[in-house]
Amino acid sequence: MYELDVVTPESLGRFVHRWYGLPDRPPVDLPLPGVPEPLAGWYRVAARYSLPLSRDHAMRPWTDLRPENGMVRFWEGADDWYSIPDWKNWKIPDVGVPGDPEVYENDEFPTGLSLSRFLVYAAVYEATYAPLHGLVYLEPAPDELRAVKVRLRELDDALWHWPDPRTRYYGDDDLLGHLGPDRVVLAARHRDALGRFDGLGLPWDWDTRQA
């Protein structure tokens, strides 16, 4: 997961390719006039895959991006949503439209994350919390949490401390984990990768292999 250790504008495409494999659809030329480039990049990447990249939260179709009270909502869940200021209102004279605006939670609270970094977070969140192969264990004891952590590597970029530094992202080529005092959430690119944790004897609250 080297592309997640130092998050750059190329991290989104590289992560999606690594996690989901080769795209199964041809490139398409989407008309995205005025849409900030990081968000336009998400739509271009997502259009190459028949499996939706956003399955826990919903990424609004690019045709549905519209300002509401000066904000443009683009990614939303049951209880939260994320938006950027309406780009028609934040054009800077002699500069044009800033290409990488800050993302806001629920239209009110600045996340401190630029759009390009937030979209990498969203892609990893979706891969972790809406996996094809995964394990969940809630309220682990401290020794149980440590036993899982030593089988993974903490991702280096400060992005993975957000929004709560007590709960951080881990991974390797085949696994992602979101681990903290209240949870162990694991996702795998393939079923066999979950076997790394079978010897721990944890009573998983959710195991896709048992579905």
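The values are calculated or read from the model by the stated rules, or taken from the named source; none is laboratory data. Bear in mind that the values here come from a model prediction, so they are computed numbers and not experimental data. Backbone-built Cβ (ideal geometry, glycine too); neighbour counts: all protein chains shown. Remember, those area values only see protein heavy atoms, side chains included, never the ligands or the DNA or RNA. Shrake-Rupley method; radii C 1.70, N 1.55, O 1.52, S 1.80 Å.
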Next item on the list: Sort out which residues of the range 184-211 are closer than 17 Å to Y129 by Cβ, open to solvent by 40 Å² or more (accessible area, probe 1.4 Å) and touching a strand residue (DSSP E or B) at 6+ places or on another chain (Cβ under 7 Å), and write them in order of number.
Entry: W204, D205, W206
Check: Applying the selection to the range 35-53, what residues are part of a loop (DSSP other than H, G, I, E, B) and either crowded, with 19+ Cβ neighbours inside 10 Å or at pLDDT below 95 (or both)?
Finding: V35, P36, L53
Check: Going by the conditions given, is R18 in contact (Cβ under 8 Å) with a residue 24 or more places away in the chain, in a helix (DSSP H, G or I), closer than 19 Å to H178 by Cβ and among the charged types (D, E, K, R)?
Finding: yes
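Just for strands (runs of 3 or more DSSP E) wholly inside the range 165-210: which have at least 1 residues that are aromatic (F, W, Y)?
168-171
From the set of residues in the range 1-34 that are of a type in the set (V, I, T) and touching a helix residue (DSSP H, G or I) at 6+ places or on another chain (Cβ under 6 Å), which is most open to solvent (accessible area, probe 1.4 Å)?
Among those residues, the one meeting the criterion is V7.
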Margin query: Condition first: over 15 Å from V124 (Cβ atoms), touching a residue at least 24 places away in the same chain (Cβ under 8 Å) and aliphatic (A, V, I, L, M). Now tell me which residues in the range 44-53 satisfy that.
Written below: L51
Notebook entry, point to check: Within the group R146, R166, which residue is open to solvent by 60 Å² or more (accessible area, probe 1.4 Å) and touching a Gly at 6+ places or on another chain (Cβ under 7 Å)?
Noted result: R166
Margin query: Just to be sure before I move on: is T63 at negative phi, modelled with pLDDT of 95 or more and among the β-branched types (V, I, T) in the structure I sent?
Written below: no
Check: Between residues in the range 64-77 that are within 16 Å of A123 (Cβ to Cβ) and residues that are at pLDDT below 90 and aliphatic (A, V, I, L, M), which pairs lie under 9 Å by C-beta distance while being six or more apart or on different chains?
Finding: none
Margin query: For the range 54-63, give me each residue that is open to solvent by 30 Å² or more (accessible area, probe 1.4 Å), touching a residue at least 24 places away in the same chain (Cβ under 8 Å) and in a loop (DSSP other than H, G, I, E, B).
Written below: R55, D56
Check: What tally of residues in the range 55-71 results from selecting those that are among the charged types (D, E, K, R) and under 21 Å from the mean Cα position of the chain (by Cα)?
Finding: 4
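If we keep just the residues of the range 150-159 that are assigned to a loop (DSSP other than H, G, I, E, B) and touching a helix residue (DSSP H, G or I) at 6+ places or on another chain (Cβ under 8 Å), which is nearest to G199 (Cα to Cα)?
Once the filter is applied, the top-ranked residue is R151.
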